[in-house]
Structures are given as C-alpha cells and as structure tokens.
Amino acid sequence: MSEEAPDPSTVQRIHFRQTGGLAGLARVADVALGELDAGTATELARLARAAVAEPPAGDAPAEQAVRDGQQYEITVESVDGTSVVRGTDPLSDDAFAALVGALRPHAVPVRRSG
C-alpha cells in the first residue's frame, strides 16, 4: 500500500464500500475514471488525492459515535500504487466526507453473502 497520495492524473480506479446503518445494507461502487467525463474524473481524482493525503483519524470517540452509523472503505488505485482509507459516521474529516459524498451516487446496493 502506498503511503503517498496518488497524483490525480494517475488515479485509475476507485472502489467504494459503505456498510452498516439501520438496515445493514451494503452499497458498493467500482469507478473507473477513464470511463467518466473529464470533469467528473478530474474532480474524483482530486478528492481521492486529498482523502489519501490526510486519512480520517479513525473511529469516532464513543460519545460521538452514531448508533447504526455507516462505515466506509475507499480503495484508490493509481499507477503509483494502491491506498486504502476508512472512516465511520460521523465523518469529521472534510476531505474524506467530500469523497464519500461524490462516490455515493455511483454506489449500488448489494446483498450480503452468507
């Protein structure tokens, strides 16, 4: 896993997974930036770089935790390597929250296996 934030021009794919919540529904997205219009791809790459550069601090303290909150995992693939960032509700990191917000419209529900 790369420790440096990928250059936005090198981000190729972003995997998004949202789990938890009241119904426990999982939502996923697999976004290939090369298949998007240039503006959307550039913006997602910029947001991904910012989120990887300053990953969320970790789980919210117990007094801030949201009952039935969501958990997020985002994997950023670039020509420079792969970076994974994770966060939970409430999203206190602006860069991570912005990336989650931009990826949610691309996500589709999936059934739990097993």
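The table below gives the values:
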{"item": "All positions within segment 79-98 that are modelled with pLDDT of 90 or more and either farther than 11 Å from E54 by Cβ or in contact with a Pro (Cβ under 8 Å, 6 or more places away or on another chain) (or both)", "result": "G81, T82, S83, V84, V85, R86, G87, F96, A97, A98"}
{"item": "Pairs, first in contact (Cβ under 8 Å) with a residue 60 or more places away in the chain in segment 91-113, second part of a strand (DSSP E or B) and exposed (fewer than 13 other Cβ atoms within 10 Å of the Cβ), C-beta under 6 Å, six or more apart", "result": "none"}
{"item": "Qualifying residue in segment 80-99 (condition: under 13 Å from V28 (Cβ atoms) and not hydrophobic (A, V, I, L, M, F, W, C))", "result": "no"}
{"item": "Residues of segment 60-78 that turn out to be modelled with pLDDT of 85 or more and loosely packed, with under 12 Cβ neighbours inside 10 Å, as a count", "result": "0"}
{"item": "Count - residues of segment 12-44 that are assigned to a helix (DSSP H, G or I) and over 19 Å from D80 (Cα atoms)", "result": "4"}
{"item": "Residue count, segment 25-46 (criterion: of a type outside the set (V, I, T), touching a Phe, Trp or Tyr at 6+ places or on another chain (Cβ under 9 Å) and buried (at least 16 other Cβ atoms within 10 Å of the Cβ))", "result": "2"}
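The values are calculated or read from the model by the stated rules, or taken from the named source; none is laboratory data. Just so it is clear, the model here is predicted, and its values are computed rather than measured. Virtual Cβ from ideal backbone geometry, glycine too; neighbours counted across all protein chains shown.
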